[in-house]
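Here the structure is laid out as structure tokens; the discussion comes afterwards.
The values are calculated or read from the model by the stated rules, or taken from the named source; none is laboratory data. What you are looking at is a predicted structure, and each value in this text was computed from that prediction instead of being measured. All Cβ positions, even for glycine, are placed from backbone atoms using ideal geometry, and neighbour counts span all protein chains on display.
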Amino acid sequence: MKQDIVSLLPEELADALAELGEPKYRAAQVFRWLSRGVRDFDEMSDLSKSLRDRMKESFFIYRPRVLSKQVSKIDGTIKYLWELRDGNAVETVVMTYKYGNTVCISSQVGCRQGCAFCASTIGGLVRCLEPSEILDEVMFSQLDSGKPISHIVLMGIGEPLDNFENVMRFLELVNHPKGMNIGMRHISLSTCGIIERFDELAERDLQLTLSVSLHAPDDETRSKLMPANRGRGVDALIDACRRYTEQTGRRISFEYAMIDGVNDTANHAQLLAKRARAVGAHVNLIPLNHVEERQFRPSTPGHMKAFIKILEEAGVNVTVRRRLGSDVDASCGQLRRKMQKHSENGVPAGSAD
Ligand code: SAH
């Protein structure tokens with residue numbers, strides 16, 4: 001079986017190349033090509049033809065293809081749909097902020113978590129992404145857009161903690177000084193709250209930001225919105241967050257999508273404030289993005305204002321996420337979903353706009 005070369009760390013690459021009879025330094029040479037985004041052995045021009053041929057026998061390499069690229073006329077946000085080796089597709093979004101360019105990447109094709117407001121989970125989980133596939137979302141978003149990427153958010157399609165080992169390996173690869181060298185402090189990982197993985201993540205002692213998609217401070221509302229809450233519960237989630245913060249010294253961020261009449265009352269705000277204070281979390285409010293298949297609507301500006309006021313008066317650090325790329329299929333999962341619907345209607349996925 002051929003090995004996925006882009007998923008290998010330099011040390012592993014050295015071992016794999018040693019098996020082909022190559023000296024250790026060869027790995028540095030090859031890793032340099034890979035880190036520049038070269039995805040064709042024949043383009044590695046300082047390697048002998050014989051080595052390139054042997055590598056083709058031992059490894060596979062793939063360059064994701066752009067299925068669709070949309071550029072927002074409002075704010076320049078770029079939304080990519082990439083075609084993977086097996087014909088599946090994932091989304092990546094490049095956003096420009098004052099502090100640099102951020103890429104929002106997917107960790108799975110589809111998702112099994114079933115959040116009631118989310119487009120990514122509608123077709124369920126198809127498969128997990130390989131480390132190389134996650135890395136290449138960053139790599140080729142940067143190369144294609146010409147925008148140097150400084151920040152990464154794992155907030156695209158999929159639940160990163162349901163693809164734990166591959167996501168951890170991706171982090172090592174993208175953070176590697178000889179690779180893309182993106183600092184852990186510039187990376188956020190977002191989870192719906194797979195608390196069984198929190199301690200394991202804390203043990204890795206990465207300096208990344210853990211974002212927890214809370215969306216409701218009480219079990220009744222949260223279990224309705226997020227099946228991941230059932231059998232776990234908000235109390236256990238808050239405990240896990242507290243342990244994580246104590247162990248890593250890193251402040252957690254709560255994501256909270258404001259949904260009209262569902263999670264945006266004064267009671268919700270007060271309980272949310274209590275939850276946030278219990279772990280010293282920062283709260284990031286997001287006006288819900290309306291998803292065609294879902295009945296939910298975003299909270300009104302008036303309700304949002306009142307909600308923010310309660311949080312602020314309780315001393316909670318709160319921000320409202322700016323909506324970027326609203327003219328390019330908005331929140332993640334929606335572009336892939338659109339393609340799926342096209343294919344369901346008999347139009348091949350690749351031919352949609
Ligand atoms: N599975 C991970 C990461 C992917 S989603 C998680 O649950 O955190 C990234 C964020 O977008 C999550 O906070 C998710 O709850 C939120 N989200 C999903 N659908 C949304 C929508 N329609 N409007 C606003 N936020 C949404």
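What the table below lists for this structure:
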| read-out | value |
| --- | --- |
| Qualifying residue in segment 255-269 (condition: assigned to a loop (DSSP other than H, G, I, E, B) and either among the hydrophobic types (A, V, I, L, M, F, W, C) or within 29 Å of Glu196 (Cβ to Cβ) (or both)) | yes |
| Given (1) under 22 Å from Cys115 (Cα atoms); (2) free of Cβ contacts under 8 Å to residues at least 40 places away in the same chain; (3) of a type in the set (Val, Ile, Thr), index of the condition Thr245 fails | (1) |
| Residues (surrounded by fewer than 16 Cβ atoms within 10 Å (Cβ to Cβ), free of Cβ contacts under 8 Å to residues at least 24 places away in the same chain and not in a helix (DSSP H, G or I)) located in segment 7-39 | Gly21, Pro23, Lys24, Arg36 |
| Residue, farthest from Arg185 (Cα to Cα), within segment 107-126, restricted to residues that are touching an Asp or Glu at 6+ places or on another chain (Cβ under 9 Å) and within 8 Å of the ligand (Cβ to nearest atom) | Ala119 |
| Residues located in segment 202-220, provided they are touching a helix residue (DSSP H, G or I) at 6+ places or on another chain (Cβ under 7 Å) and away from the ligand (no atom under 13 Å from the Cβ) | Ala202, Arg204, Asp205, Leu206, Gln207, Leu208, Pro217, Asp218, Asp219 |
| Filtered residues of segment 111-157 (kept if closer than 22 Å to Ile195 by Cβ and assigned to a strand (DSSP E or B)) | Leu125, Cys128, Val153, Leu154 |
| Where Gly123 falls short, out of the listed (1) at pLDDT 95 or above; (2) over 20 Å from Asn229 (Cβ atoms) | (1) |
| Filtered residue count, segment 134-169, keeping only those that are over 12 Å from the mean Cα position of the chain (by Cα) and away from the ligand (no atom under 16 Å from the Cβ) | 15 |
| Residues satisfying the stated conditions in segment 62-82, i.e. surrounded by fewer than 17 Cβ atoms within 10 Å (Cβ to Cβ) and in contact with a helix residue (DSSP H, G or I) (Cβ under 7 Å, 6 or more places away or on another chain) | Val66 |
| Evaluation of Arg222 against (1) part of a loop (DSSP other than H, G, I, E, B); (2) within 22 Å of the chain's Cα centre (by Cα); (3) among the basic types (Lys, Arg) (one fails), failing number | (1) |
| Per-region count, segment 286-314, residues touching a residue at least 40 places away in the same chain (Cβ under 8 Å) and more than 12 Å from the ligand (Cβ to nearest atom) | 8 |
| Which numbered condition Leu324 misses (of (1) under 23 Å from Met184 (Cα atoms); (2) in a loop (DSSP other than H, G, I, E, B); (3) among the hydrophobic types (A, V, I, L, M, F, W, C)) | (1) |
| Conditions (1) free of Cβ contacts under 8 Å to residues at least 12 places away in the same chain; (2) of a type outside the set (S, T, N, Q); (3) under 25 Å from Glu196 (Cα atoms); (4) part of a helix (DSSP H, G or I); number of the one not met by Ala240 | (1) |
| Hits in segment 170-199 (condition: assigned to a helix (DSSP H, G or I), in contact with a Ser or Thr (Cβ under 9 Å, 6 or more places away or on another chain) and within 16 Å of the ligand (Cβ to nearest atom)) | Phe170, Arg197, Phe198 |
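Yes/no per residue for (1) in contact with a Lys or Arg (Cβ under 7 Å, 6 or more places away or on another chain); (2) within 30 Å of Met184 (Cβ to Cβ); (3) within 15 Å of the ligand (Cβ to nearest atom); (4) of a type outside the set (Lys, Arg):
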{"residue": "Lys224", "(1), (2), (3), (4)": "no, no, yes, no"}
{"residue": "Gly231", "(1), (2), (3), (4)": "no, no, no, yes"}
{"residue": "Ala240", "(1), (2), (3), (4)": "no, yes, yes, yes"}
{"residue": "Glu246", "(1), (2), (3), (4)": "no, yes, no, yes"}
{"residue": "Glu255", "(1), (2), (3), (4)": "no, yes, yes, yes"}
{"residue": "Asn263", "(1), (2), (3), (4)": "no, no, yes, yes"}
{"residue": "His268", "(1), (2), (3), (4)": "no, no, no, yes"}
{"residue": "Asn284", "(1), (2), (3), (4)": "yes, yes, yes, yes"}
